[in-house]
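The values are calculated or read from the model by the stated rules, or taken from the named source; none is laboratory data. Bear in mind that the values here come from a model prediction, so they are computed numbers and not experimental data. As a convention, Cβ positions derive from the backbone with ideal geometry for all residues, glycine included, and neighbour counts pool all protein chains shown.
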Amino acid sequence: MALGNFFKKQEGNGPEHFWSLVIGKTWVQAAIWRVVGEATEVVSEGSTANWQDGNDESLLEAADGSLSAAAAAIGDDVSEPNKVVFGLSPSWIQEGTIVQERLGILKKLSNELELTPAGFVVIPEAITHYLKSKEGAPLNAILVGLAEDAIDVTLVQNGRGLGTVEVAQSISLGSDIAEGLSRLPSVSQYPSRILLYNHKVGNLEDARQNILDTNWESVKVPFLHTPKVEILAEDVAVTAVSLAGGAEVGEAKSVVLPDSSQDLDEPEETQEIREPEDEVKTEVSAEEIGFVRDRDVAEQEVVPVQETQLQEITPVRSAVVDYATGEPSLPERAKVGSLFSALSSIFSSIRIPNFGLRSAGMLSVFSIGFVLLLLIGGLFYWYYPTSKVTIIVAPKKLEKTLKLTVDPKLTVVNQADKVVPGVTKDAKVTGDKTASTTGERIVGDRAKGQITIGHVGGSALLKTGTILTGPNGLKFTLDNDTTVASGSGVFTPSKTQAAISAADIGAQYNLASLSKFSVGSFSKDSFEAQNDNAFSGGTSRSVSAVSEEDRLNLEKELTVELLTRGLEDLKSSLTEREVIIQDSATLIADTREFSHKAGDETSTLKLALAGRAAVMVVSQDAVNVLVMSDLEKDVSQGYALKADQINVTYTVVKVQPKTKVPKTTQKQAATPPVAETKIDPNNPVDLEVQIVANLLPKIDSDKIARAISGKSEGSARESLATTPGYLHTKFFYSFKFPDSIRTLPRIAKNIIVEVASDQ
């Protein structure tokens, strides 16, 4: 950080001393330091003082107290310094520069305390540089700065800050850190090291344990292993800012604290700080970076400092990153400009109108108008603004199960029997669905052939269909009526030709020639037959067919789809306080058409359904009457049960299912029974209700409004922190004044106070 002649050591008077002033969200700490050899020696540190954001006077008093404490600790031989390097909270910086509103505060602080601003450094960036110097290697960690109701999350990789974001603080700090990392440039693997800092280290052990209890997989942060959580020293911020200043004054590479006995001329642990090889250093005068000697800067015309005029004065890496490339969009060392020049630019741009006093009349009119404007503005400031103050608390949870009945024939709640009225609603639905079949069927052709029937005895008529039994019990039938002539004896039987067909399909009926057959129930002594030629034509094969289970499954799937569609249509017609009893939904089919019957040969089956999706609907308010009545006796003293803090889940008590057993066909295995539960939405339905209630502390809204009226947000938070389960407070304004003059409305009735759960 080359500040040119402005930060040169005073010749002949020993090392020059400088201030560090660190301004956190609600605290301030000062230190006095100098550069000896290659080390920054922190000569003394002031105490940490608290201030209220939005109250400039409290910041001035806190800074004055810490500066005075630091000055009191130095010897008489050391002159009190007047040049100061500011360490600032990330919320004070936007796009590498101090936000305009904060510049005004720093200008006022510098004037009142007779300080000469030299530059600024962002606290997380200063800590990053300090830890690199201390540990001798670029830092890889997640820095977490804790404040009252928010945290600053900074991601550092290879010593380079990839960004800092502010996240509102909740019960789970691990979830807050995950939220912050999600807003920063994504990386494949996060550093498994989390560093906590605050001005009160004693308050951080609970925070550390809170983070250690985090399930990082559930918050989706990809750590290589469970991160180590460390607490940095209370004075780490002021030490880091002092080192950043010393690195610019005399290229200091380490820091020595007031209680160190280390030889300042030869520091034992100094780490080399390498500058980028392509960086060209230049010496600039104090005037070139905005500092002016021996005259009041407010008396001269000041041109606002352009970004190209700012001098890099700290080795801390910039948190501004080009998200497209992942590379810093500014030089690797953060830009810290001439704060005093920037402050002067703002104030020198303000011009007071010069009114010519041509006549007393004009002055009088102007004066009256000006007074009226002030009066109207004052009245507006006092009476017009309204505000809502929401106290966020961790609720007490009350869980219970309640059984009740919904009766569509009832019109009022029956508390004694725990019965609430319901109403049946339905919506017309139609649809079709096609599915593949899973059944099987054997198909084929029958064998055919000619036989010769031998007969002994009188003539006889054999009817069509007469059964003939061949080898292995195979059955055949006559194709036509056949008249058999009479035969005179065993040696001279009559012989008649006839055509026969196999009784079933299959190649097993293709019999060889000269096979013997019995005819009907006649004895072989009177009738006997054989084939002179082999039979042919018998075939069989397995094909896809419709099973009863296919029909049942297809109807079940289409019913679910139509019910889902019908319930979505019904939801759009419900009022905000009506609740669908999901388990009571049923499809009342008007038409049901299958494309095939069970056993039909086909590879697909289609079903078309038309009907009504009917469901029981109950009023949430009616249920809450029973729920609140049942829960009131379990509510802890000092807590209240509110209807909007009750979550209810309904489950229909299952009735005994009716069982359908599908028919079976030949060569088809029996399918398991299919249970079907039908609930008639026109009849009473028994429910089991799971209740989860958030109990919120009772408060006197009017009393609290009177207590916080006219207070700043910080003071209001202190007053509200005694609320049981208190986490933090949210403020909403109808008209938002600047931070410097913003308070809650002066009129208590203009403040609405409410308690809300963090879930």
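Tell me whether segment 112-132 contains one or more residues that are crowded, with 18+ Cβ neighbours inside 10 Å, farther than 21 Å from Leu212 by Cα and of a type in the set (Ser, Thr, Tyr). So far as segment 112-132 goes, yes, one or more of its residues are crowded, with 18+ Cβ neighbours inside 10 Å, farther than 21 Å from Leu212 by Cα and of a type in the set (Ser, Thr, Tyr).
Criterion applied to Thr401, Thr424 was being under 26 Å from Gly611 (Cβ atoms), part of a strand (DSSP E or B) and out of contact with any Lys or Arg (no Cβ under 6 Å at 6 or more places or on another chain), and the one residue passing it is Thr424.
Condition check ((1) at pLDDT below 90; (2) under 30 Å from Thr649 (Cβ atoms)) across all residues:
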position	(1), (2)
Leu379	yes, no
Val389	no, no
Lys400	yes, yes
Thr411	yes, yes
Asp426	yes, yes
Val429	no, yes
Thr434	no, no
Thr437	no, no
Ala460	yes, no
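Considered as a group, the residues in segment 78-100 that are over 17 Å from Trp19 (Cβ atoms) and touching a Phe, Trp or Tyr at 6+ places or on another chain (Cβ under 9 Å) include one that is surrounded by the fewest Cβ atoms within 10 Å (Cβ to Cβ), and that residue is Val99.
Taking the criterion of being among the β-branched types (Val, Ile, Thr) and touching a Lys or Arg at 6+ places or on another chain (Cβ under 7 Å), the only residue of segment 404-419 that qualifies is Thr405. The residue pairs whose first member lies in segment 391-418 and is surrounded by 12 or more Cβ atoms within 10 Å (Cβ to Cβ), whose second member is of a type in the set (Asp, Glu) and in a strand (DSSP E or B), and whose beta carbons are closer than 6 Å, counting only pairs six or more residues apart or on different chains, are Thr405/Asp686. Criterion applied to Ser494, Ser518 was being touching a His at 6+ places or on another chain (Cβ under 6 Å) and among the hydroxyl-bearing types (Ser, Thr, Tyr), and the one residue passing it is Ser494.
Of the strands (runs of 3 or more DSSP E) lying entirely inside segment 11-130, those containing at least 1 residues that are in contact (Cβ under 8 Å) with a residue 12 or more places away in the chain and hydroxyl-bearing (Ser, Thr, Tyr) span 18-23, 39-45, 116-122. For Asp569, the conditions (1) over 30 Å from Ala512 (Cβ atoms); (2) buried (at least 17 other Cβ atoms within 10 Å of the Cβ); (3) not hydroxyl-bearing (Ser, Thr, Tyr) all hold with the exception of (2). One residue stands out in segment 439-456 among those that are over 13 Å from Gly470 (Cα atoms) and of a type in the set (Gly, Ala, Ser): the one that is surrounded by the fewest Cβ atoms within 10 Å (Cβ to Cβ), namely Gly444. Of the conditions (1) assigned to a strand (DSSP E or B); (2) at positive phi, Val543 fails just one. Which one is it? Checking Val543 against (1) assigned to a strand (DSSP E or B); (2) at positive phi, the one that fails is (2).
With respect to Gly75, determine if the residue is crowded, with 22+ Cβ neighbours inside 10 Å and not acidic (Asp, Glu). Taking the combined requirement at face value, the residue does not satisfy it. I'd like to know if segment 593-610 contains one or more residues that are at negative phi, surrounded by fewer than 13 Cβ atoms within 10 Å (Cβ to Cβ) and not in a loop (DSSP other than H, G, I, E, B). Yes, segment 593-610 has at least one match.
Among the residues of segment 617-637, at least one is in a loop (DSSP other than H, G, I, E, B) and in contact with a strand residue (DSSP E or B) (Cβ under 8 Å, 6 or more places away or on another chain). Before we move on, is Glu561 surrounded by fewer than 18 Cβ atoms within 10 Å (Cβ to Cβ), outside the structural domain of Ala460 (by TED's automatic domain parsing) and over 20 Å from Gly465 (Cβ atoms)? Answer is yes for this residue. Among residues of segment 569-587 that are assigned by TED's automatic domain parsing to the domain that holds Tyr650 and under 18 Å from Pro408 (Cα atoms), those with a beta-carbon under 7 Å from a residue that is modelled with pLDDT of 80 or more and among the basic types (Lys, Arg) at least six positions away or on a different chain give the pairs Leu570/Lys425; Ile580/Lys571.
So that you can scan it fast, the table gives a plain yes or no per residue for (1) buried (at least 17 other Cβ atoms within 10 Å of the Cβ); (2) in the same structural domain as Ile588 (by TED's automatic domain parsing); (3) touching a helix residue (DSSP H, G or I) at 6+ places or on another chain (Cβ under 6 Å):
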{"residue": "Leu461", "(1), (2), (3)": "no, no, no"}
{"residue": "Ile467", "(1), (2), (3)": "no, no, no"}
{"residue": "Asp479", "(1), (2), (3)": "no, no, no"}
{"residue": "Phe535", "(1), (2), (3)": "yes, no, no"}
{"residue": "Leu554", "(1), (2), (3)": "yes, yes, no"}
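Assessment of segment 494-506 against the conditions (outside any helix (DSSP H, G or I), within 60 Å of the chain's Cα centre (by Cα) and not hydrophobic (A, V, I, L, M, F, W, C)) yields no matching residue. The set of residues in segment 507-522 that are surrounded by 15 or more Cβ atoms within 10 Å (Cβ to Cβ) and either in a helix (DSSP H, G or I) or hydroxyl-bearing (Ser, Thr, Tyr) (or both) comprises Tyr509, Ser515, Ser518. Taking segment 706-745 as the range and being assigned to a helix (DSSP H, G or I) and touching a residue at least 60 places away in the same chain (Cβ under 8 Å) as the test, the residues that pass are Ile708, Glu713, Gly714, Ser715, Ala716, Arg717, Leu720.
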